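Student: After the structure tokens below, expect a handful of questions from me.
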Amino acid sequence: MNNDNQSLPTIIELDTTSKPAKYDGTRDGFKCLAWLKEVQRYFTMKNVPDRKRTIHAVNLLNQTSLLWWESLNIDDTCEYLTFTTLFKKAYMPDGFLEHVRGLLLNAKLTTNLAEYLTRIRLYMNILLAEDPTGRVFLESTVRVVFLQGCPDDLRQLLQTDQVSNPNNTFFDMCSKAEGFDTIYAFGPRGATKGMFAKAMNNIRSQTPTSNSAPTSAPAFDPMAMEIDNISVDPTTRALMSSVQSLTIAVNAMASQFNNQQQQQNRPRLARLTNEERLYLENNNGCFKCRRPNAGHYSWDCGKNRNTPRPPRSQAVNNIAYVGNPPTDQSGNAPSN
């Protein structure tokens, strides 16, 4: 009984600090949504019934915001959804969602991966909550932007994991990135300081520069991935085992790529003529693989991911044109 009395003041103090602060009346989209989220969390924790949530929310407005609410001449017993809709309309600036969408698509890894993930998750959650109709397009777009903004080492790990788990969502990918970061400690330039830094530095040392021809695909050092003799907790050990499995898959893909490069040894395609460029442009073609109706952009072409180039029979300079083929100045179709 005495123990209960001693702990009572602590419980009351914690309960007091959990109450959201009054809204300061600032017309800021991020502050507006953050305050509504905090109020919702407080209502859920307190089990406040729906019919009383608007009254409690109005009591959490400061003098300026309270004057705004009173000017609407709406009863405090209205639905809480009505209150939140009017609150967002009043304190969320025009074009706020477009601003957030721009921040999301232009987010860069400037400090550390954890801070980067926090920002893009915040932007993503805001857009999905306020505009859920564009979820599929937004996820597919952000997935590409996110991978482009990751360090090369992390991008390779995530792309390999995506092949094994194609149904993973964007947030699943972020969770995997966090797991890899706990081991490798990725920085803005791909610098690693984790327990497997040696393995990632080995990848970086084997990666050819842009001025040299790729002789072999980078591979992990299997000795650096040995985890049996490392004393870690079970959760970290399970994650490290997953990384080791991905390492084996990456090495297998690298070996397969090297074999294909040696077997193909194809000559380079001839330079595109102006007519051929115009043909590709008018038929949604890719200037990398030279395929009409390729279904992808040149920056997302398979050639950029160290995959074999398409067969010559599918490329411009050696293609059976559909429709009106490009012609030279004499009116003849270009020769092979």
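Student: Here is a list: L104, L109. Which entry is at negative phi and outside any loop (DSSP other than H, G, I, E, B)?
Tutor: Of L104, L109, the one residue that is at negative phi and outside any loop (DSSP other than H, G, I, E, B) is L104.
Student: For region 123-143, give me each residue that is of a type in the set (A, V, I, L, M) and exposed (fewer than 14 other Cβ atoms within 10 Å of the Cβ).
Tutor: Across region 123-143, the qualifying residues are A129, V136.
Student: Residues of region 35-63 being over 38 Å from the mean Cα position of the chain (by Cα) and loosely packed, with under 12 Cβ neighbours inside 10 Å, which ones?
Tutor: Scanning region 35-63 gives R51, N59, Q63.
Student: Please indicate, with yes or no, whether at least one residue in region 96-109 is among the polar types (S, T, N, Q) and closer than 19 Å to D28 by Cβ.
Tutor: There is no residue in region 96-109 that is among the polar types (S, T, N, Q) and closer than 19 Å to D28 by Cβ.
Student: Is one or more of the residues making up region 175-186 at pLDDT 85 or above and either farther than 24 Å from L104 by Cβ or of a type in the set (S, T, Y) (or both)?
Tutor: yes
The values are calculated or read from the model by the stated rules, or taken from the named source; none is laboratory data. For clarity, every value in this text was computed on a predicted model and none was experimentally measured. Using ideal geometry, Cβ is built from the backbone for each residue, glycine included, and neighbour counts are taken over all protein chains shown.
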